[in-house]
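Report on the following structure.
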Amino acid sequence: MTTISANLQAVHARIAAACAACGRDPAGVLLLAVSKTWPAAALREAAACGQHAFGESYVQEAVPKIAALADLAAEWHFIGPLQSNKTRAVAETCAWVHSIERLKIAERLSAQRPAGLPPLQVCLQVNVSGEDSKSGCAPAEAAALAAAIAPLPNLRLRGLMAIPEPTDDEVLLRSRFALLRELRDELKRRGYALDTLSMGMSHDLETAIAEGATIVRVGTAVFGARNYSQDSV
Ligand SMILES: *Cc1c(COP(=O)(O)O)cnc(C)c1O
């Protein structure tokens, strides 16, 4: 068995155990393999083990990799910071964007989504850590952003995403994930059909699942430690 296949099995076992601990069905948690910095060959290996969904954070890296792996028919999720001059490539190649924090980016993605592709599935990224994190809209802004984005014709608003600040404080971490869940529930009460909570990574996926994560974004535990100096294509 290769390292990646063993790692994938171990992550699936962690997801199953976390779901069992809180009475959830593991079928309700998607494993998104975060493949940034990893070469196409590593993704092929994961795909050969049945991994279907991959997350990328850098447009320049993702575009050639997605082209090189077109034969895999994988599902591509963009999870990194997105600038307006890079939206077109994402609109043309990805199925999901998790990191929407501004209306302008959403408007561009909707306008640039090619006819013939299904709507782009999107999550609003919310800053659940206050001043400790700069990415994401403020929790108090999420409802207004959802109201502006929901009508965009070529997007489908699916839920919320967060990256809590790194911490060893399990109680604090859990409260960050709980905040995202409560915000999602509040938006649902306002009428948005949100079924997605994108939260939890290699070190904290169990806590995220306990608070309702439906997508866990896992890089290191699947592929190993990242080396940012390597050529990723
Ligand atoms: C890199 C990254 C991950 C994966 O982190 P790991 O700790 O390697 O599992 C998840 N989400 C986002 C947004 C990332 O950029």
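Computed values, structure above
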| item | result |
| --- | --- |
| Subset tally (residues that are in contact (Cβ under 8 Å) with a residue 60 or more places away in the chain and closer than 21 Å to PRO153 by Cα) for segment 58-76 | 0 |
| Residue in segment 61-69 that is open to solvent by 60 Å² or more (accessible area, probe 1.4 Å), more than 16 Å from the chain's Cα centre (by Cα) and among the aliphatic types (A, V, I, L, M) present | yes |
| Filter result for ALA6 (open to solvent by 60 Å² or more (accessible area, probe 1.4 Å) and either modelled with pLDDT of 95 or more or away from the ligand (no atom under 14 Å from the Cβ) (or both)) | no |
| Every residue from segment 194-205 that is open to solvent by 60 Å² or more (accessible area, probe 1.4 Å), in contact (Cβ under 8 Å) with a residue 24 or more places away in the chain and out of contact with any Gly (no Cβ under 8 Å at 6 or more places or on another chain) | none |
| Filtered residues of segment 53-81 (kept if touching a Leu at 6+ places or on another chain (Cβ under 8 Å) and within 14 Å of the ligand (Cβ to nearest atom)) | ALA53, PHE54, GLY55, VAL59, HIS77, ILE79 |
| Test set (1) away from the ligand (no atom under 13 Å from the Cβ); (2) open to solvent by less than 20 Å² (accessible area, probe 1.4 Å) - ALA48 fails condition number | (2) |
| Pair list, Cβ < 7 Å and 6+ apart or interchain, from segment 214-225 residues that are touching a residue at least 12 places away in the same chain (Cβ under 8 Å) and more than 9 Å from the ligand (Cβ to nearest atom) to residues that are open to solvent by less than 10 Å² (accessible area, probe 1.4 Å) and not hydroxyl-bearing (Ser, Thr, Tyr) | THR214/LEU197; ILE215/LEU32 |
| Matching residues, segment 108-131, being in a loop (DSSP other than H, G, I, E, B), crowded, with 19+ Cβ neighbours inside 10 Å and of a type outside the set (Gly, Ala, Ser) | ARG113, ASN127, VAL128 |
| Candidate set from segment 14-36 (those that are in a loop (DSSP other than H, G, I, E, B) and under 16 Å from the mean Cα position of the chain (by Cα)); member that is surrounded by the most Cβ atoms within 10 Å (Cβ to Cβ) | SER35 |
| Whichever residue in segment 97-107 is free of Cβ contacts under 8 Å to residues at least 60 places away in the same chain and under 17 Å from the mean Cα position of the chain (by Cα) and, among such residues, is most open to solvent (accessible area, probe 1.4 Å) | ARG102 |
| Filter pass, SER84 being of a type in the set (S, T, N, Q), loosely packed, with under 15 Cβ neighbours inside 10 Å and in contact (Cβ under 8 Å) with a residue 12 or more places away in the chain | yes |
| Residue that is surrounded by the fewest Cβ atoms within 10 Å (Cβ to Cβ) [pool: residues in segment 138-182 that are assigned to a helix (DSSP H, G or I) and acidic (Asp, Glu)] | GLU170 |
| Residue in segment 183-192 that is assigned to a helix (DSSP H, G or I), buried (at least 21 other Cβ atoms within 10 Å of the Cβ), near the ligand (Cβ under 10 Å from one of its atoms) and not charged (D, E, K, R) present | no |
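The values are calculated or read from the model by the stated rules, or taken from the named source; none is laboratory data. Note that the structure is predicted; figures quoted are calculated from it, not measured. Methodologically, a virtual Cβ is constructed for each residue, glycine included, from the backbone with ideal geometry; neighbour enumeration extends over all protein chains shown. Heads up: the accessible areas ignore ligands, DNA and RNA and are worked out on the full protein's heavy atoms, side chains in. Shrake-Rupley method; radii C 1.70, N 1.55, O 1.52, S 1.80 Å.
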